[in-house]
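The block underneath contains the structure these notes are about, expressed in structure tokens.
The values are calculated or read from the model by the stated rules, or taken from the named source; none is laboratory data. Quantities reported herein were computed from a predicted structural model and do not represent experimental measurements. Note: ideal-geometry Cβ built from the backbone for every residue, glycine included; neighbour counts use all protein chains shown. What goes into the accessible areas is simple: the full protein's heavy atoms, side chains included, and nothing from ligands, DNA or RNA. Shrake-Rupley method; radii C 1.70, N 1.55, O 1.52, S 1.80 Å.
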Amino acid sequence: LKAPSRDHPALYRDLLRTNRVHWIAEEPPAELVRDKMMECHLRFRHQMALVPCVLTLNQDGSVWVTLVKPARAITPGQFAVFYKGDECLGSGKILRMGPSVYTLQQGKKREESPKKEEIDKIEPAT
């Protein structure tokens, strides 16, 4: 998919899934095991700014990562590296991504604007 511009909504996503995460200190962090979710930060490119996110632990050790705001150009095969403060918690390879902001916007537009025929069915013309 080639987007028309560097900032096109098709390049932004706020959900991704990793493979089994390699945790550094605890396997996996106690908070994540206890609550099944945990707030932390994510980086998926060297030297990029940390992005706040919420991890949801899957039974196979993989995680769903929900970003607080959509990030640009997340790509399967990149590594998602997780941080809590200055501490690196671990990392996992990005396997799949949720729908792009563009796809979600298109879906909203379809929901918001019913077709004329549908409106006619609901409100018969008098």
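Starting at 0 and stepping by 10 Å, how many percent of the alpha carbon pairs of segment 11-100 end up in each bin?
Pairs per bin, as whole percents: 18, 59, 22, 1.
So, with a 1.4 angstrom probe, what is the percent of accessible area on segment 35-116 that is carbon and sulfur?
Carbon plus sulfur share of accessible area: 56 percent.
Using a 1.4 angstrom probe with every protein chain in place, what is the largest-first accessible-area order of Tyr102, Tyr83?
I get Tyr102, Tyr83, largest accessible area first.
Work from the charge dipole of segment 11-100 (Cβ charges, +1 for Lys and Arg, -1 for Asp and Glu, about the Cα centre) and give the residue of Leu42, Ala71, Gly61 farthest towards its positive end.
Ala71
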